[in-house]
Amino acid sequence: MIRKEEIEHIGWLARLKLSEEEKELFEQQLSSILDYFAVLDELDTTDVKPTYHVIGITDVVRKDEPKEALEQSEVLRNAPKKEKGYIKSPRIL
Amino acid sequence: MDVKIGLECHAQLLTKSKLFCPCSTDYHNAEPNTHVCATCLGLPGALPAVNRRALRYGIKIALALGCTVQPETIFYRKNYYYPDLPRGFQITQYDFPIAFSGLVRIESDGDDGGKEREIRITRVHMEEDPGRLVYKGTIDTATYALVDYNRSGMPLVEIVTEPDLKSPKEARIFLGKLRSILEYLDVFDGNLEGAMRVDANISIEGGERAEVKNISSFKGVEKALYFEITRQRNLLRRGLTVQQETRHYDEVRGITLSMRTKEFEHDYRYFPEPDLVPIRIAKYIEEVRREIPELPDEKKLRFIKRYSITREHANSLTFDIHTADFYEDVASKRDPKLSATWIADVLKGELNYRSISMREASTRISPDDFVTILTYLKTGVITDRGATEIIREMLDHGGKPEEIMEKKGLGSIGSEAIETAIEAVIKENESAVQDYHAGKKEALNFLVGQVMKHTRGRAEPKEVRTMLKEKMER
Ligand SMILES: [Zn+2]
C-alpha cells in the first residue's frame, strides 16, 4: 500500500497540482502497480546478472562535428511566453 | 575544531559540439536560444548520441588525476523538474562513471611553509550542463525567470574529491591546481565565463555536513566556504546543531542561504538512460594516455633540476602552461635564472596588475622580444628600471624593445655621465655629505636617490652607490 503523503510527494516532484479525487485514483493505481512488483519479487534472481540495457548493442558514439542549429524564431515557436529571445518561466526557488 | 571540505567540481570541456547533439559549443557572447536543436531542447522523439571527443577528454582528465578508468561506462537519467532542464531529467552518470579513485597533490602554504598534501579523488563522471536562468534583479525579487538553452547539453566533467581539504584556502589552492592540470591537457579554458562551477560539502567536528551549491567562480570558493564555516561555528558555539541541508551561495551578497529543499537523493529516481547504450571505454585508455603531456608537477621538478631555479620560481612558472612554455623558450636562449626572475616576478606582476593572461600577453611580447630585453639588461645597455619600462610600454601600447628604448631614451648612461651627476649632487647637498661623514647611513641613500633623479633612472643604483662612496671617501 502507498500512503497519501507519498502520492502528494510524487505529485510535488513532478510539479503537478493534484485534486483530492486524483490523489485517490493514483493511490489505487500506484498501489496495484506496487502489488505487481511484489509478485515479480517472488522470482529467484540470485544467479541473474542485473540488466542495464535490453538491446544488445554497445559503443555507439558520434564524431565531434558541429552542425547548424535551429533558427531562434523556430526555437521560440512553441514557447507560450517569451521575452527578448528568452523563454519566460515562473521563478522557482 | 576540525573542518572537512569535499568538492564537486564541474568543468566545461572544449569540444566543438555538445555532449549529446551536434550544436556548436561556441555560444559565449551569442544571442539566447541560437545554439539549440531538438535534442538539447528536449523535444519529443529527439535522440541523444554521445560525442566521442568529449568521452576521450573525460578519460584524459581521469588518467591525469591518477584515476582508474573503468572498462565500461553507462549513462543515467537524473529526474527533477526545473526550468533550466528541458526534458525533466539530466543525463549524467551514477553506478558506472568513467573512473574512480585518483589523487591530486597540492602545496598548501600554511604557516609552516609549503607543505605537500594529497587530496583523494573519489570519482570522475560525465554529464550534460543545464540551460541558464536569467533573473531581472536578484533571484529573491524577480517575478519570473528567463531561460536560455544555449548552455543546455554542454559537455561537463564532474570531479568529486574526498573530504580531505582542511580550509577554504586549501580548497582554493586545490581548484587552482585542478584548473592548471585541465589547461595543460588542453581540454578546458578557465577564462571562459562559468567554465568551472563548484558544489562544496562542509562539516565541522561535532556537526552535520551542509552542501553549498552554485559557487561559480574561482574566487567565490574561498569566500563561500569562509562564510559557511563561520555560520556553522556560530551555531555550535551557541549550543545549536548544524543541520544536514543544501544551501545556495549568493555570489553578490557573499552569503549562503538555506534552500529548504524537499528533494532527497532517492527522489532523483536514477535509472539507466534507455536511449544510450553502454560504452566499452577500455579500448580508448592506452591511446588517450599517450596524448597526456608533461603535467605541472613533473614540469616543476624538471625546471628546478634543469635550470637551477628556486622552488618558488618553478611553482610560479609552471602554474599556467602558457607561462611555462614562454619561460622555456626564453630560458633556452638566455640565462635561465635571470629569465625566471624577470618572468615570474616582473612580467607576471605586470600581467596581474592589468588582469591579462599570459596567453594574451604573448601576442604583445614574444619570447624573442623578451630575450632582447634580457640581453640589453645583461650587457648593461639598459637598467632594471629601463627593462621594466619597456615591458610596461609593450603591454600597454605595443611596439618593439629597441624602438621603445630609443623613443623613451631608456639606454643606460656611461660612467662618465654618472660621475658628472655625482659631482653635481655632492656640490648641491653639502649638508648631506657632512651627515655621511658624521656616520649617518641614511645620508648615503638620500644622495644615491638624488643621483638617480639627475640621471632619470638610467644608472644602476649599485654602481652609483659604489662611485659615490669612493668619491666622498677620497
Ligand atoms: Zn542541440
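Remind me, relative contact order of the stretch B:394-474 in percent, using alpha carbon pairs under 8 angstrom and six or more residues apart? List each step's numbers first, then the result.
Details: 48 pairs, mean separation 24.0, N = 81.
Value for the stretch B:394-474: 30 percent.
Springs between Cα atoms under 10 Å define the GNM used for chain A, and in it the highest mean-square fluctuation of A:K63, A:K82, A:K49 occurs at A:K82. Rounded to the nearest 20, the size of the Cβ-charge dipole of the protein assembly as shown about its Cα centre is 1200 debye, with Lys and Arg at +1 and Asp and Glu at -1. Across the stretch B:163-168, computed HN-Hα scalar couplings (Karplus, 6.51 cos²θ - 1.76 cosθ + 1.60, θ = phi - 60°) run x, 9, 7, 9, 7, x Hz from first to last residue, x flagging Gly and Pro.
Angle, helix B:296-307 long axis vs. longest principal axis of chain B, Cα atoms, 0 to 90°, nearest 10? For helix B:296-307, the angle is close to 20 degrees. Calculated from the alpha-carbon coordinates, the stretch A:6-86 shows an Rg and a Dmax of 22.3, 58 Å respectively.
Over chain B, calculate the relative contact order: mean separation of alpha carbon pairs under 8 Å at least 6 apart, over the residue count, as a percent. The partial results should precede the final answer.
Working: 811 pairs, mean separation 65.0, N = 474.
Taking the mean separation of contacting Cα pairs over the length of chain B, I get 14 percent.
Between B:T246 and B:E162, the modelled labels are 2.6 nm apart [label points 7 Å from Cα along Cα→Cβ].
Taking the 0 to 90 degree range and rounding to the nearest ten, how far is the long axis of helix B:321-331 tilted relative to the main principal axis of chain B, both from C-alpha atoms? For B:321-331 against chain B, the angle is about 30 degrees.
Between the Cα long axis of helix A:20-41 and the first principal axis of chain A there is an angle of about 60°, rounded to the nearest 10. For chain B, the direction-averaged projected area of the alpha-carbon convex hull comes to 30.1 nm².
Using a probe of 1.4 Å on the protein chains alone, the accessible area found for B:Y144 is around 50 Å². Per the accessible-area calculation with a 1.4 Å probe, the total area buried between chain B and chain A rounds to 4100 Å². Using the Cβ of B:E291 as centre and a radius below 13 Å, the other residues enclosed give a net charge of +1, where K and R count +1 and D and E count -1. In chain B, helical runs assigned H by DSSP with n ≥ 4 each contribute -39500 (n - 2.57); averaged across all residues and rounded to the nearest 500, the mean residue ellipticity at 222 nm is -12000 deg cm²/dmol.
Rolling a 1.4 Å probe across all protein chains gives B:L133 an accessible area of roughly 40 Å².
Note on the stretch B:419-470: Kirkwood radius taken over Cα pairs, Stokes-Einstein applied at 25 °C and 0.890 mPa s, translational D equal to 229 µm² s⁻¹. Considering protein heavy atoms only and a 1.4 Å probe radius, which residues within the stretch B:12-35 exhibit an accessible-area decrease of no less than 50 Å² in the full assembly relative to the chain by itself? Those residues are B:P22, B:P32, B:N33.
Got the relative contact order for chain A handy, in percent, Cα pairs under 8 Å and 6 or more residues apart?
Values: 28 pairs, mean separation 16.1, N = 93.
Computed over chain A, the figure is 17 percent.
Rounded to the nearest 20 debye, the dipole magnitude of the stretch B:266-387 is 440 debye, with +1 charges on Lys and Arg beta carbons, -1 on Asp and Glu beta carbons, and the Cα centre as origin.
Just to check, using Stokes-Einstein with a Kirkwood Rh over alpha carbon pairs, what's the diffusion coefficient of the stretch B:296-408 at 20 °C and 1.002 mPa s in µm²/s?
Working: Rh = 14.0 Å.
D, rounded to a whole number, is 153 µm²/s.
If you wrap the protein assembly as shown in the convex hull of its Cα atoms and look at it from every side, the mean projected area works out to 37.3 nm².
The values are calculated or read from the model by the stated rules, or taken from the named source; none is laboratory data. Fair warning: this is a prediction, and the values are worked out from it, not measured in the lab. Methodologically, a virtual Cβ is constructed for each residue, glycine included, from the backbone with ideal geometry; neighbour enumeration extends over all protein chains shown. Just so you know, the surface numbers come from the protein's heavy atoms only, side chains and all, with ligands and any DNA or RNA stripped out. Shrake-Rupley method; radii C 1.70, N 1.55, O 1.52, S 1.80 Å.
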